[in-house]
Amino acid sequence: MGYSDQRFNVNLSILFTELPLLERPAAAAAAGFTAVELWWPWVDAPTPEQSELDALRAAITDAGVQLVGLNFYAGQLPGPDRGALSIPGEESEKFRANLSVAADFAESLGCKALNALYGNRVEGVDPAVQDELALENLALAAREADRVGAVLLIEALNKPESPRCPIVSADAAIAVIDKVNSATGLGNAKFLMDLYHLSMNGEDLPAVIDRYVAQTAHVQIADNPGRGAPGTGSLPLEELLDQLQKAGYEGWVGLEYKPGDRPSAEAFGWLPAAG
């Protein structure tokens with residue numbers, strides 16, 4: 001067991017960001033990785049020009065890496081936003097406009113996991129109204145994901161960094177997942193277990209793994225404190241990933257950490273063998 005037994009992929013929205021977007025897939029491949037994931041790359045464009053989609057698809061294909069995770073439109077990431085689907089008005093409309101675009105892009109690259117970020121509470125809007133809108137939009141997202149043979153991922157963020165996001169615990173995320181699955185009958189809404197966010201919330205990570213591994217379809221990691229590479233903080237990530245594997249998790253582990261003040265290519269020294 002250990003890091004060498006895991007399937008790691010690189011999140012190209014937080015690593016290799018010193019490079020232009022279209023150069024990042026090849027950089028990940030050069031670092032030894034065979035798979036990547038992305039936040040929605042066009043923060044101001046839920047429906048970008050087809051030429052932009054084609055260029056990114058070609059960059060991923062030409063690099064010989066597999067896209068294993070993609071966010072639906074979620075606003076300014078990184079930045080002040082934490083998603084769009086629970087925000088009435090223009091942001092919700094952008095999320096809906098993005099659904100088929102993101103799903104088609106994922107399908108064209110064989111990507112089977114689409115992540116939908118819930119969004120922040122909005123001052124002056126009843127939380128119940130936001131939650132009702134969120135369920136409607138998540139049901140639409142689940143149906144789009146199902147159309148292309150993918151799962152819909154829902155993750156918990158962390159309260160210190162996302163104080164206006166209501167989904168800041170594993171239990172809260174699972175409750176939303178259960179509501180979406182009940183609403184659609186598809187059963188394809190799954191948990192994205194981000195060990196960094198959960199640790200920032202002070203959760204008992206071994207207990208979360210025991211409780212929710214069967215509902216987990218993707219895992220992301222970063223060390224805490226600092227959101228750096230494994231070994232830069234105090235999280236026992238190797239042990240936690242071993243526990244996940246022993247409990248039956250066979251999916252990808254996304255590297256969603258900051259490289260620090262060094263090129264991203266130098267941020268993988270903790271791996272016995274990148275890939």
Query raised in the report: How big is region 146-275 in terms of Cα radius of gyration and Dmax, in angstroms?
Result: 15.2, 47
Requested in this report: Scale the Cα Rg of region 1-109 by the rule-of-thumb value 2.2 N^0.38 Å and send over the ratio, two decimals.
Outcome: 1.12
Report summary line: Which residues qualify? For residue 188, with a placed amide H closer than 5 Å and at least 5 residues away or on another chain, they are none
**Report entry** Cα pair count fraction exceeding 17 Å, expressed as % - region 108-161
**Finding:** 47 percent
Query raised in the report: Within the chain, how many Lys pairs sit with Cα atoms under 26 Å apart, leaving out pairs fewer than 8 places apart on the same chain?
Result: 14
Query raised in the report: Once you put a point 7 Å from the Cα of residue 43 and another 7 Å from the Cα of residue 175, both along the Cβ direction, what distance in nm separates them?
Result: 3.0 nm
Query - Euclidean distance of C-alpha centroids, region 56-131 and region 198-275, integer Å - result: 22 Å
Report summary line: Carbon/sulfur accessible area of region 112-162, % of total, 1.4 Å probe, equals 55 percent
Report task. Would you kindly compute the Cα radius of gyration of region 9-56 and its largest Cα-Cα separation (Dmax), both in Å? Result -> 11.1, 32
Query raised in the report: Can you give the translational diffusion coefficient of region 230-275 in µm²/s, computed by Stokes-Einstein from the Kirkwood radius over Cα pairs at 37 °C and 0.692 mPa s?
Result: 269 µm²/s
Report task. Please give the length that would be gained between residue 247 and residue 214 if that part of the chain were fully extended, namely 0.36 nm times their separation in residues minus their C-alpha to C-alpha distance (nm, one decimal). Result -> 11.0 nm
Query raised in the report: When the gyration tensor of the chain is built from Cα positions, what are the square roots of 5 times its three eigenvalues, in whole Å, from largest to smallest?
Result: 26, 23, 18
Query - Label point at residue 4 placed 7 Å out along Cα→Cβ; residues across region 19-34 whose backbone nitrogen lies under 18 Å - result: 32-33
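The values are calculated or read from the model by the stated rules, or taken from the named source; none is laboratory data. If you're wondering where the values come from, they're calculated on a predicted model, not measured in any experiment. Here the Cβ is made from the backbone with ideal geometry for all residues, glycine too, and neighbour counts use every protein chain on show. Please note that ligands, DNA and RNA were not included when accessible areas were found on the heavy atoms of the full protein model with its side chains. Shrake-Rupley method; radii C 1.70, N 1.55, O 1.52, S 1.80 Å.
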